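To start, the structure itself, in structure tokens.
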Amino acid sequence: MLDALDAIVIPFLESLYRALGYVGVAAAMAIESAAIPLPSELILPFAGWSVSRGVVEPLTGAPWTYWGAVIAGVVGNTVGSLVAYAVGMYGGRPLLERWGRYVLISRHDLDLADRWFARYGDATVFFSRMLPVIRTFISVPAGVARMPLWRFTAFSLAGAVPWVMLLVWGGTLLGDHWLELKHALRGLDYLIAAGLVALVGLFVWRHVRR
């Protein structure tokens, strides 16, 4: 399934970058950060590959640069994160308060989330931005918990910068072998996904038992 996803995403990114350059990187990262699973492990190394090949960026008419790709990635990440945060705050929160009990989410759970983000929200958002899978979805629960917007933005931005820099640099360094970076991270994807499934299972078991 992941190979099929790669086969779809890579041609999409190639056409997007050819037409929009840095704006295409920002748009792809905004999609990924808005809780839509378009993997940054493909978006950013592919941009780095464009840098290593000296491809002409269509909007500037100059070759792609490392910092241009990084800035575009960070901007897109921030925009998408704010969209997902708003969805959690203005859409997810009211729905969960009214209908959450039908999916085993109680008012008590929402209060726990509020207290967690009040106490550990900065570290949670910062480190989550550097984890595959989790980084895509962390903005929604931060919005549901109504983490202060300025803190969310600041720590989301701080966490995104090293992630974006690493993946763009990896694509630049690996050149034609940049897909190896995606394959190297694939095991981590599976591990984190398994951990999330286990946490969801524990959550359901405790609530059903209660």
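FYI, it's all coordinate maths here, none of it is from the lab. Please read these numbers as outputs of a predicted model, since none were measured by experiment. Neighbour counts are summed over all protein chains in view; Cβ atoms, including those assigned to glycine, are modelled from backbone coordinates with ideal geometry.
Among Tyr66, Tyr90, Tyr17, sorting on how many other beta-carbon atoms sit within 10 Å of each Cβ, with the fewest leading, yields Tyr90, Tyr66, Tyr17.
Expressed as cubic angstrom per residue, what is the convex hull volume of the alpha carbon set of the stretch 134-177?
Working: hull volume 2.7 nm³, N = 44.
In the stretch 134-177, the Cα convex hull volume per residue is 62 Å³.
With neighbour counts taken as other beta-carbon atoms within 10 Å, the residues Thr136, Thr153 rank, fewest first, as Thr153, Thr136.
Taking every alpha-carbon pair in the stretch 11-93 and binning the separations at 10 Å intervals from zero gives 20, 49, 21, 8, 1 percent.
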